[in-house]
Amino acid sequence: MINVAFVCLGNICRSPMAEIIFRDMVEKEGLASGFVITSFGTSDYEEGNPIYPPAQKCLAAHGLNGKHTARCLSLPDVINNDYILVMDSENLFDVLRLTGGKFGEKIFKLCSFTTSPRDVADPWYTRDFERTYFDVVDGCKSFLNYLKKTIL
Ligand code: 4NP
């Protein structure tokens, strides 16, 4: 079983989008039984809230749906997952602060697996959820290819 946790700041936009997109990808490839896929925020700002409606709308426009309730990342969540996939450099900094610098070997920026490593675009201020969707799909595809080449 491969445990994958996607992480952003609030856990209402980027990381739940990534959770739902990656779950759909592994389901379509017949690999779903090999994965536990979750998501978290580095903050508790949005704890208990559903996916942000514009993010939900963007997913629905691409034929994707999924329920999610925002939760805040804790140290046991890091310990219990094999891959912690963060959206941007600030998330990376915040997760490493939570772990006291430990577990760096399993904490990656999602788009570090792509041919153009970068942060996932943050839609909170730009309102450009399509760009976020594009980055997340690119990151998830590249991460799955990495798993296929290494451990799958
Ligand atoms: P997310 O988006 O980290 O992609 O879920 C945000 C959600 C909430 C806030 C910022 C970004 N906020 O400042 O409350």
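The values are calculated or read from the model by the stated rules, or taken from the named source; none is laboratory data. Predicted model, so just to flag it, every value in this text is computed and none were measured. Reconstructed Cβ throughout: ideal geometry from the backbone, glycine too, with neighbour counts over all protein chains shown. With ligands, DNA and RNA removed, areas are computed over all heavy atoms of the protein, side chains included. Shrake-Rupley method; radii C 1.70, N 1.55, O 1.52, S 1.80 Å.
Classify the stretch 1-55: rounded, prolate or oblate, from the alpha-carbon gyration tensor (a ≥ b ≥ c, eigenvalue square roots; a/c under 1.5 rounded; otherwise prolate if a/b is larger than b/c)?
Prolate, because a/c is 1.5 or more and a/b exceeds b/c.
With an 8 Å Cα cut-off and a minimum separation of 6 or more residues, compute the relative contact order for the chain in percent.
This gives 27 percent for the chain.
Count charges around residue 89 for me, please; just the other residues with Cβ under 9 Å from its Cβ, Lys/Arg as +1, Asp/Glu as -1.
Every neighbour counted, the sum reads -2.
Report, in whole Å, the centroid distance computed from the Cα atoms of the stretch 105-152 and the stretch 17-70.
14
If amide H atoms are built 1.01 Å from N in the plane of the peptide, which residues on other chains or at least 5 residues away come under 5 Å of the amide H of residue 39?
Those qualifying (amide H under 5 Å, at least 5 residues apart or on another chain) are 6.
Ignoring ligands and nucleic acids, what accessible area does residue 52 show with a 1.4 Å probe (Å², nearest 10)?
50
With a cut-off of at most 11 other beta carbons within 10 Å, and DSSP calling the residue loop, which trypsin sites (Lys or Arg not before Pro) in the stretch 1-74 qualify? Please list them.
67
As a test of reading the structure, rank 1, 25, 87 by solvent-accessible area (1.4 Å probe, protein chains only), most first.
Largest accessible area first, the residues go 1, 25, 87.
Once you sort the root eigenvalues of the Cα gyration tensor of the stretch 2-144 as a ≥ b ≥ c, which label holds: rounded (a/c under 1.5), prolate (a/b larger than b/c) or oblate (the other case)?
Taking the square roots of the gyration eigenvalues as a ≥ b ≥ c, the stretch 2-144 is rounded.
Mind giving me the FRET efficiency for residue 69 and residue 89? R0 is 22 Å, r the Cβ-Cβ distance, nearest 0.05 is fine.
0.25
Going through the stretch 91-144, which trypsin sites (Lys or Arg not before Pro) have at most 14 other Cβ atoms within 10 Å and a DSSP loop state?
102, 127
Taking the Cα centre of the chain as origin, sum charge times position over the Cβ atoms of Lys and Arg (+1) and Asp and Glu (-1), and report the length of that vector in debye to the nearest 20.
Value, rounded to 20: 300 debye.
Taking a 1.4 Å probe, which of 44, 82 shows the most accessible area, and what order do the others take after it?
So the residues, ranked largest to smallest area, are 44, 82.
Students often get this wrong: which residues of the stretch 73-89 have the backbone nitrogen under 13 Å from the point 7 angstrom along Cα-to-C-beta of residue 103?
73-86
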